[in-house]
Each structure stands twice: as C-alpha cells, then as structure tokens.
C-alpha cells in the first residue's frame, strides 16, 4: 500500500451535505502509514457536524479491501475556519481573534430569541468550541438571567477594556450588566448604536471560534450598526409558528439581504407545547409560520423548538440543559456557517481598489472585471442615499445640485461590511459623511460617469 492508493480510495468517500469527496474538502490530515497500520485524522472545519462518525465508518469500509492494511485508526477532530473578511483592517482589534460572528435576530420581540441564542451557544460550547455571547438587546437584555448572571454588574474598566464574564463555559457580555433592576437605562437609537460600537471595540474576547450576538428585535439602528461595523458570518432568524409571524420575520430577512449578510436559516421557536413526561405536541400557537418563511425565501429550515417545562425552568434558573433537538439545530448552523466561510465570495460589484485622486475631488474605482471608473466627488456627494438627501418614504431626492459646493471633496472613505463604503465630505451640510454607498450604487455612478465621458469626446 502507498499514500496515492490510499488517497485515491478516500477520494471516493463523499460528504453528503456538500456532495464532495473528503480529499477535495481537505478533511484528511496527518496520514501515517506503517507496515500494516494506517493512521490519519478526519478533521472537519466545524464542530457538531452530524456525519462525523458516519464519514469515519465510510472511510474504513472503503479501505478494507486495500492489501496490507490490518489496522486502521481514524482520529476524529475539527478546527473552525475563520471568516476571511474578518481579516479586514477595519475590524476592531477586540475581534481580531474571533473566527465567526453570528447574529441571532427576530422581526419582533417575545419570540424567544434570547432563549434560542443561549441554547445554540451552549450546544457549541458543550461540543468543545470556544464561544462568546454578546447581548446587545438594549430593550430587554435577558441573557444574564439565563446564564445565572442576573445580579452581575460591570466593574470599572481597566484602560478602556471590558472583560467578559464566564458562565457555562462561555464568555458573556451584556447590556444588562450596565444597569440594575432599580435603575434601568432607557436607550434611544443613536445613543444605543454608539454604545454598540463601543462594545464591539472595548470587549476583550480573546480567542473565540464563535461569537453569537443576541440582537434587539426589529430592524432599527442597532441592527444596521452591527452589520456595518463588522463582517458577520451570517444571521439566524427566530420566528414562531403563527402565520402572522411569517410577515414579521420577513422584515428581518429583507434587512439582512439588503446589507448583504448571509442568512444561515430559520429557527421556529414555541413550535407547540410538549407536556412533561409526554412526546405529544400540542400546537397552541398554530403551525407553519417558520416553514412558509423558509420556503418563500429559499432558506434552510434549521429546526423547531417546542415549549418544554424543563427548558423553561433551566432558563429561569440560569442552569444548563442538554437537548438533542437543539444540538441538531446547532449542527445545521455550524454547517451553514462553514459553507459561508469556505466559499465566501465578494459581491459581483465589489471593487478591487478605491482611491482618491486630485486631492479628493475624484473617486477612482478599479473593479473585479478590470474596469476602472473615475467619478467626481461632486457626483458622489449629490448621489448620497442618506435620509437627509433622499425621502425615505417616496425615494425622491431632497438634495439639489445647488446644495452641493462645486469644489466639494471626499476626505475619508471607510469600508462597511461586505457591501459598501461610507464617505465623509468637506461639505458641512447635513448628510455629508453619513451616506453609505453600496457597491452596486458606486458601480452605477461609475458607469454613468463613463457614459457621460464618452459623449464629451
């Protein structure tokens, strides 16, 4: 037997989820061939992948007919892959050692989003992953109570660094640590968004495989701030079985689609009531809300979580509870996240380079298809899509050409997630510096500029 023969045989073993062989996927590591012994690691790129044992068994069956092999030892392990876009220079230093950031979101409150966040995070932690939870639900931070930290208060930060608290094998940071029950803090949109940015930059997470972010319900400033501040691996949408929940979840789905954040799938919480000691489920909230949303948007239905007394009691008392169904949901999230990480592609309009020329009066963009566009800063400023410049209801322009100084300059450009750029202008009027330009908008401006230039010739 030799390495090539063994590799060729192992190349016939496929991962059923990706429909690719384990050699192509790079699962086989550290092969050692002895006189009659074969050892190697089957290293998957994420924990909780349900077919790990199955793949190992398939390997042994495939190899059994190779002459000279009597003993086969397969070590099953995993190593979480890092989202490539987290290597961007604008990623906060506190997140430099975090490999994946996953948002848990919902279209409305009261669907059990925080419960789902804790359950999923705990499943990953129990599997051996390094896990953190960032609770930025400013309107109802409930994570501390669910992990037994309901009375915890943040001590004075040392040199501007906040240390997360450990519970259930996870690192926890919550807005709930900033206020007591007797002195709640009422956060408004801009203030809350600013605080989220401070959290992202100030919390010393250390090394994490996964950071789960418990989002506020809805589609407001905080959601946009997070999606604009850091590259998210993806988002999980939590909904309930009612048909009306489909409509509400749709808002969250469309928001993440708009800002180019991948949606890993949908979890339907409160999917019936399961009485203690019974396997029967009573659909007290109806059926089908999560499934219909998944079908309409062509998204994975990650699973359903029924109402169980033992789960409710565990959450209320800050205790850990193991649940095989939740483990299965976490497994699918791990696989979906891995698919994003290993196949991450730039937007079709993502530029290769963005530069400022003529002392900031010209924006020069080089695209992936080798086209290059030069756009005047005046035209960029006039195209600002912010609420000061465009009516959010009608979509009509508020700003007039006469409102923009003829000598306006772009003084700063900052990447925003994986979908756009925020520009600051020398123009001091409202909106100057607040506009976020998607790659598709910049592409259109570039094409218009090129077309107008051709007419001038």
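Values computed for the structure shown
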| item | result |
| --- | --- |
| Highest to lowest packing among 445-451, 119-125, scored as the average C-beta count within 10 Å | 119-125, 445-451 |
| Relative contact order [Cα under 8 Å, 6+ residues apart], the chain, whole percent | 14 |
| DSSP bridge pairs, the range 1-116: antiparallel proportion in percent, nearest 5 | 45 |
| Estimated translational D of the range 253-373 in µm²/s (Stokes, Kirkwood radius over Cα pairs; 37 °C; 0.692 mPa s) | 179 |
| Ordering of 325-332, 235-242, 278-285, 168-175 by packing [mean C-beta count within 10 Å, highest first] | 235-242, 168-175, 325-332, 278-285 |
| Fully extended contour minus Cα-Cα distance, from residue 17 to residue 388, at 0.36 nm per residue | 128.9 nm |
| Contour minus Cα-Cα distance for residue 374 and residue 151 (0.36 nm per residue) | 74.6 nm |
| Per-residue [θ]222 nm for the chain (sum of -39500 (n - 2.57) over DSSP H runs n ≥ 4, rounded to 500) | -9000 deg cm²/dmol |
| Evaluated at q = 0.13, 0.18, 0.20 Å⁻¹: base-10 log I(q)/I(0), Debye formula over Cα of the range 351-456 | -0.44, -0.86, -1.07 |
| Debye log10 I(q)/I(0) for the range 224-324, one point scatterer per Cα, at q = 0.10, 0.11, 0.14, 0.15 Å⁻¹ | -0.34, -0.40, -0.62, -0.70 |
| Mean projected area (nm²) of the alpha-carbon convex hull when the range 364-415 is viewed from all directions | 4.9 |
| Antiparallel bridges, percent of DSSP beta bridges restricted to the chain (to nearest 5) | 45 |
| For the range 3-78, radius of gyration divided by Kirkwood radius, i.e. Rg to Rh on alpha-carbons | 0.94 |
| Difference of contour (0.36 nm per residue) and Cα-Cα distance, residue 355 to residue 25 | 115.1 nm |
| Computed over the range 351-456: relative contact order in percent, which uses C-alpha pairs under 8 Å that are six or more apart | 23 |
| Rounded, prolate or oblate (a/c below 1.5 giving rounded, otherwise prolate when a/b exceeds b/c) for the range 56-177 by Cα gyration tensor | prolate |
| Ratio of Rg to Rh over the range 260-304 (Cα coordinates, Kirkwood Rh, two decimals) | 1.09 |
| Cα gyration tensor of the chain - equivalent ellipsoid semi-axes, whole Å, descending | 42, 32, 21 |
| Rough spin-label spacing in nm, given labels placed 7 Å along Cα→Cβ, for residue 64 and residue 254 | 5.6 |
| Ascending count of other beta-carbon atoms within 10 Å, so fewest first, for 31, 49 | 31, 49 |
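Computed from the coordinates by the stated procedures, all read-outs in this text should not be read as laboratory data. Everything quoted here is computed from the prediction, not taken from an experiment. Every residue, glycine as well, gets a Cβ built from its backbone with ideal geometry; the counts of neighbours run over all protein chains shown.
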